[in-house]
Amino acid sequence: MYKKSRHTSAVLAHSLPIRKFSLSLLAGALLTSTFSLTALAETAYVTNEKDNTVSVIDLDSMQVVETIDVGLRPRGVLLSSDNKLLYICASDSDRVQIIDLATRKIIKELPSGADPEQFALHHNDRWLYISNEDDALVTVVDVETSEVLAQIDVGVEPEGMGVSPDGKWAVNTSETSNMLHWIDTSTNTLVANTLVDQRPRHVEFTKDSSLLWASAEIGGTVKIVDVASKEVTHTIEFAIKGIHPDRVQPVGVKLSDDGRYAFVALGPANHVAVVDAKTYEVLEYILVGRRVWHMSFNTDQSKLLTTNGVSGDVSVIDVDSLKAVNTIKVGRYPWGVVVTP
């Protein structure tokens with residue numbers, strides 16, 4: 001066994017202040033590390049259209065940690081590219097509100113047009129394309145200057161809104177006209193229309209901007225549209241054993257970045273469909289909460305969050321196992337959701 005000599009004891013005694021100093025540094029480093037991890041914890045923001053609030057969810061604890069009061073009937077929600085600002089469609093206030101996520105306070109309101117429901121931000125982080133359901137318009141606003149750049153006539157009851165990753169196209173869905181409206185973002189003019197099935201609700205571009213996925217709530221389908229030709233190339237239908245077809249109502253769509261999956265929220269069917277994004281085959285149906293509406297991935301896309309309006313909660317789907325693994329209670333009628341790193 002090792003035996004300390006007097007010389008060793010003296011050395012240890014002499015080095016003790018250094019050890020204390022080193023331990024102090026280590027403790028400080030661990031504290032800083034812990035703080036950094038806490039600061040970088042993922043957070044979800046959920047709009048509650050009946051409560052006029054946004055629920056803030058810590059995805060580590062899977063609990064609501066704060067509730068933010070916003071305008072009337074908040075629905076659409078999105079993030080700035082740097083994840084510092086949260087945009088909210090306060091539909092019944094006829095405003096788009098901007099929340100500074102550092103303080104979680106509303107810092108600005110934009111002139112959105114009447115009844116904004118969904119919107120999409122151009123990749124330049126300035127042009128916001130807003131669907132105005134009551135006025136059959138798409139309003140384009142510069143988020144920095146609050147200037148209305150254009151108001152574009154579209155079909156009856158516009159709702160869904162998407163901007164292609166390459167920034168060339170903004171696409172709006174009109175629920176009553178059953179059309180996709182193609183807006184050239186270089187001129188902010190309507191240049192084409194694509195007929196789809198009844199009550200289109202949401203559009204989602206592929207990463208390379210070559211294809212557009214469009215859900216039709218009453219039609220019960222998702223159409224795949226070739227962006228170059230503006231023509232439908234595939235139609236996906238859904239059937240869940242034991243659930244009447246009338247309850248299968250596709251709404252939100254999310255595409256995984258790896259090109260593997262498309263997830264489709266099926267409304268009052270209370271399921272999310274998992275689709276092979278290459279073959280368009282329906283692989284699985286995942287049971288979630290009641291009236292699943294919209295969805296968002298977490299940062300690494302290992303989890304998918306769904307807003308379930310009637311049950312007033314958020315389901316958390318594990319993307320690897322394709323199973324719902326958690327339920328988080330939020331406000332009344334959660335509608336939209338986004339996740340920050």
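Observations on the model:
- Unit charges at the beta carbon, dipole of region 192-341: most positive-side option, VAL248, ILE236, ILE328: ILE328
- With all protein chains modelled, accessible area of ASP134 [1.4 Å, Å²]: 110 Å²
- Sequence of TRP127, TRP213 when ordered by accessible area, the most exposed leading, probe 1.4 angstrom: TRP127, TRP213
- For a straight C-alpha distance cut-off of 22 angstrom, the lysines reachable from LYS303 (same-chain residues fewer than eight places away being disregarded) are LYS84, LYS207, LYS254, LYS278, LYS323, LYS329.
- Seen against the Cα atoms of the chain and their longest principal axis, helix 6-39 is set at about 10 degrees.
- Normalising the average separation of contacting C-alpha pairs (under 8 angstrom, six or more residues apart) by the number of residues puts the relative contact order of region 52-197 at 12 percent.
- With R₀ fixed at 25 Å, the C-beta to C-beta distance from ASP246 to VAL156 puts the FRET efficiency at about 0.65.
- Sulfur and carbon atoms: percent of accessible area, the chain [1.4 Å]: 52 percent
- Only helices enter this figure: runs of n ≥ 4 DSSP H residues, each worth -39500 (n - 2.57), summed and divided by the residues of the chain, yield -3500 deg cm²/dmol at 222 nm to the nearest 500.
- In terms of the mean number of neighbouring beta-carbon atoms within 10 Å, the peptides 188-195, 237-244 order highest first as 188-195, 237-244.
- For the chain, relative contact order (Cα pairs under 8 Å, six or more residues apart, normalised by length) works out to 11 percent.
- A dipole drawn for the chain from +1 and -1 charges on Cβ atoms has a positive end, and of GLN97, VAL46, TYR87 the residue lying farthest that way is VAL46.
- Accessible surface comparison of ASP258, ASP135, probe 1.4 Å, protein chains only, largest first: the order is ASP258, ASP135.
- Mean Cβ count within 10 Å, highest first, over the residues of peptides 223-233, 101-111, 246-256: 246-256, 223-233, 101-111
- Local electrostatic count, GLY267, Cβ distance below 13 Å [Lys/Arg +1, Asp/Glu -1]: +3
- Per-pair calculated FRET efficiency, R0 = 41 Å: ASN326 and LEU72 via Cβ, rounded to 0.05: 0.85
- Quotient of Cα Rg and 2.2 N^0.38 Å for the chain, N being how many residues it contains: 1.19
- Net charge over other residues, Cβ less than 12 angstrom from the Cβ of LYS278 (K, R count +1; D, E count -1): -2
The values are calculated or read from the model by the stated rules, or taken from the named source; none is laboratory data. Model, not experiment: these values are computed from the prediction. No Cβ is skipped: glycine too gets one built from the backbone with ideal geometry, and neighbour counts run over all protein chains shown. With ligands, DNA and RNA removed, areas are computed over all heavy atoms of the protein, side chains included. Shrake-Rupley method; radii C 1.70, N 1.55, O 1.52, S 1.80 Å.
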